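The values are calculated or read from the model by the stated rules, or taken from the named source; none is laboratory data. All of these numbers come straight from a predicted model, not from anything done at the bench. In this analysis, Cβ positions are derived from the backbone assuming ideal geometry, glycine residues included, and neighbour counts consider all displayed protein chains.
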Amino acid sequence: MITTAIFPGRYIQGAGAIEQCLGEELSRFGNKAMIVEDPVVNQTIGGKIADALNEDFTYELEIFNRECCDEEIERICKCTQACGAKMIVGIGGGKTLDTAKAVGATLNLPIIVIPTLASTDAPCSSLVVIYTAQGQFKRYMMIPHNPSLVFIDSQVVANAPVRFLLSGIGDALATWFEAEDCRIKGAGNMTGRPGPMSAYALAKLCFDTILE
């Protein structure tokens with residue numbers, strides 16, 4: 001039996017990670033970025049993000065319009081091409097991150113995602129959920145690879161409204177049961193093949209860690 005797993009290129013996590021190493025991590029991918037932030041993120045940690053970047057690092061900022069739709073993806077693509085960015089950085093919730101992933105895949109640029117909520121599966125996934133501009137589900141989009149960097153400042157995630165943290169905890173607890181069902185049935189993951197034992201072990205470790 002052939003098993004397959006796909007992962008982000010790099011995964012950084014820790015309290016205070018933005019101040020400690022965001023500039024260093026982004027500079028691995030070049031010196032100019034298109035940064036997409038949702039409005040709340042821009043108001044709460046936008047300044048912290050800007051202060052963390054290296055002196056020789058430049059960026060263009062676009063505020064996300066709250067829907068991961070074809071129109072928004074096209075708009076951000078045009079802005080990214082116009083400024084000559086070497087990477088796309090999405091900061092916020094699932095729809096913001098999915099938009100950044102779609103833009104990066106369309107333009108073949110490194111994709112960096114900085115989730116600010118625990119209640120989304122978007123950061124590590126190659127799946128993009130696309131909606132209409134009015135917020136109705138439209139289709140799924142599979143991008144060729146997972147994000148190049150998933151960067152999580154756990155203090156930022158912890159500071160989000162409690163309902164998002166609780167939703168994330170519930171989702172994480174359910175992951176083991178979902179994974180165990182797939183393991184027993186030999187069901188395929190997003191690659192179409194069964195996942196390796198390490199994936200199921202991580203799901204169980206996640207469950208055990210939360211209970212502790």
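Numbers for the structure displayed
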quantity: Segment 184-199: number of residues that are crowded, with 17+ Cβ neighbours inside 10 Å and assigned to a helix (DSSP H, G or I); calculated: 1
quantity: Segment 1-53, residues that are within 23 Å of C77 (Cβ to Cβ) and of a type in the set (S, T, N, Q); calculated: N31, N42
quantity: Single residue of segment 52-72 satisfying the filter (more than 16 Å from A33 (Cα to Cα) and not acidic (D, E)) that is modelled with the lowest pLDDT; calculated: R66
quantity: Single condition D98 does not satisfy, out of (1) out of contact with any Gly (no Cβ under 7 Å at 6 or more places or on another chain); (2) surrounded by fewer than 22 Cβ atoms within 10 Å (Cβ to Cβ); (3) closer than 17 Å to F7 by Cα; (4) not assigned by TED's automatic domain parsing to the domain that holds C206; calculated: (2)
quantity: Residue ID - modelled with the highest pLDDT, chosen from residues in segment 126-142 that are farther than 22 Å from V40 by Cβ and buried (at least 18 other Cβ atoms within 10 Å of the Cβ); calculated: M141
